[in-house]
Amino acid sequence: MFLPPPWKIKMVEPIRLLSEDERGQAMKAAGFNTFLLDSKDVYIDLLTDSGTSAMSDYQWAGIMLGDEAYAGSRNFYNLTEAVKDVYGMPLLVPTHQGRGAEHLVSRVLVKPGQYVASNMYFTTSRVHVEETGGIWKDVIVEEAHDPQSEFPFKGNIDTEKLSRFIQEKGKDAIAFLRIEANCNMAGGQPFSMENVKAVFSLAKEHGIHVVMDATRALENAYFIKIRDSAFKNTPIRDILKEMMKYVDTIIVSSKKDNLVNIGGFLATRDNRLFEETRNLVVTYEGLHTYGGMSGRDMEALARGIREMVSDDRHAEHRVRQVERFGMLLHAAGVPIVVPIGGHAVYLDAKRFLPHIPQNQYPAQALTAAIYEKTGVRSMERGIVSAGRDPKTGEEHKPNLELVRLTIPRRVYTDDHLAFAANGIIELFKKKDDIAGLRMVYEPTQLRFFQARFEPLA
Ligand code: F0G
């Protein structure tokens, strides 16, 4: 059954489509990197679902109730209660956004030379571990590396691989285990409840701390509801809370599930981690009762956290809108990652542009071509995002060479997405005209944000 949005539109923001010529000039000026485009030149912005949500009237009303005291803002206590109620985590450290939380957790838990084993890396998560001298290890199931595998829980950790890794390195060499909900770099793919349970029990056997990146845990909970029959009658809020039982700590970028434009936190049951991160937060983020957020930000966040679980139709509509968009592309034969992810549709650039070798950045070239052809902004998630090995300086060569078309929450209608799909389907028919790229500027950190390119043809 087609589910219309469980909201209606109260305020609008004009957008405009430049001519194809103007788009070509804008892309060139941006060094063929969609991160360097001006948003005024973008028609439909599918760069990210991060900080791009539309807030509700109730959240906006909360903005007016900001208590901007330096210390002990009442909004901080509202946020603490919301995190306790919805995530079941008693101890909260607020941060300016997700990477602030990643920084603090890495500083406290990682000693130089130690490993962090995870389903799959996220760019900022790995960089913080490496900055503290840690070594990242992906232990995701093999199916995740195959964009055509229909496996329903491609975000699962391979417990065999993990177990062998713990045996081989010894528990003291492992700083923490990380399991990311709706694993972003794998294509927005969920883990199963069984998997997180198994990972937790393995970790506890060895006394290893488990951190969940719960940035998109709501969307993961929705997938558990529809893909695991044991949960088909369980409200999503209960599934979410159960997921949280099998980890010690969560880090959250609130710019996604939590429906706000800025904010984040870490929350834990571990007193020592709480105390140490709370000591550090005052150096790097702000006082422990605001962590870089204003009082009004914290109020909008507290309300967003409650709102996301207040009605199952919110998560259902959100994920199914992404799915409808993906199905338009899939039905037209455009190669995408299946199953369709929770927050984004990922184009498989290796199959879209088989004539461009990975060292000519096919996914990056595809993001540029999509913008020029359609005015839609997307993001590279392939070799450029994967960066270099900090020891050898060699480029990581991920099996997945993807373009992410990320859907902001409650922002675009199905008509916008149909327009984007049609443009990409037209481009696919002329894919042989797309040429590879050469990188002409490469930043040392998280290069994908600011790198510049030139076309090879
Ligand atoms: N963890 C995950 C899984 C993320 O997707 C992100 C950000 C972060 C942590 C970092 O959080 O941006 O608030 O500092 N992802 C954005 C994206 C940037 O576009 O996927 P942040």
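Each reported figure results from applying straightforward, stated rules to the coordinates on display, with no laboratory input. In this text, all values refer to a predicted model and were calculated from it rather than measured experimentally. Every residue, glycine among them, receives a Cβ derived from its backbone with ideal geometry; neighbour counts consider all protein chains shown.
Taking 1 over the mean of 1/r across every pair of different Cα atoms in segment 344-441, what Kirkwood radius in Å do you get? For segment 344-441, inverting the mean 1/r across all distinct Cα pairs yields 14.1 Å.
Of all aspartates and glutamates in the structure, those lying under 18 Å Cα to Cα from LYS40, and not within fewer than 8 positions of it along the same chain, are GLU13, GLU20, ASP21, GLU22, ASP49, GLU372. With the biggest extent put first, the Cα atoms of segment 308-355 measure 48, 16, 11 Å across the principal axes.
Across all directions, the average projected area of the convex hull around the alpha carbons of the chain is 20.5 nm².
Quick check: net charge around GLU20, other residues with Cβ under 9 Å of its Cβ, Lys/Arg +1 and Asp/Glu -1?
Spelling it out: positives minus negatives among the neighbours equals -1.
Computed packing ranks the peptides 294-303, 177-186, 163-172 as 177-186, 294-303, 163-172, most packed first, by mean other Cβ atoms within 10 Å. When only alpha carbons of segment 57-308 are considered, Rg and Dmax amount to 17.5, 55 Å. Summing +1 for each Lys or Arg and -1 for each Asp or Glu among the other residues whose beta-carbon sits under 13 angstrom from that of ASP57 gives +3. For segment 416-457, the convex hull drawn through the C-alpha positions has a volume of 90 cubic angstrom per residue. Hydrodynamic estimate: the Kirkwood radius of segment 1-147 over Cα pairs, inserted into Stokes-Einstein at 20 °C and 1.002 mPa s, corresponds to D of 106 µm²/s. Measuring against 23 Å, Cα to Cα, the residue pairs LYS197/LYS225; LYS373/LYS429; LYS171/LYS256; LYS154/LYS241; LYS111/LYS245; LYS197/LYS232 contain LYS171/LYS256; LYS111/LYS245 as the ones spanning a longer distance.
Distant-in-sequence amide contacts of PHE265, defined by a placed amide H-H separation under 5 Å and a gap of 5 or more residues or a different chain, comprise THR95, VAL252, SER254.
Could you grab the relative contact order for the chain? Cα pairs under 8 Å, six or more apart, rounded to a whole percent.
23 percent
Using θ = phi - 60° in the Karplus curve 6.51 cos²θ - 1.76 cosθ + 1.60, the 3J(HN,Hα) couplings for segment 92-101 round to 10, 10, x, 9, 5, 6, x, 5, x, 5 Hz; x is entered for Gly and Pro. Neighbours of ASP297 by Cβ distance under 13 Å: Lys/Arg scored +1, Asp/Glu scored -1, total -1. About its Cα centre, the chain has a charge dipole of approximately 240 debye under the convention of +1 per Lys or Arg Cβ and -1 per Asp or Glu Cβ, with nothing else charged.
Ordered by the count of other Cβ atoms within 10 Å of each Cβ, fewest first, ILE356, ILE135, ILE424 give ILE135, ILE356, ILE424.
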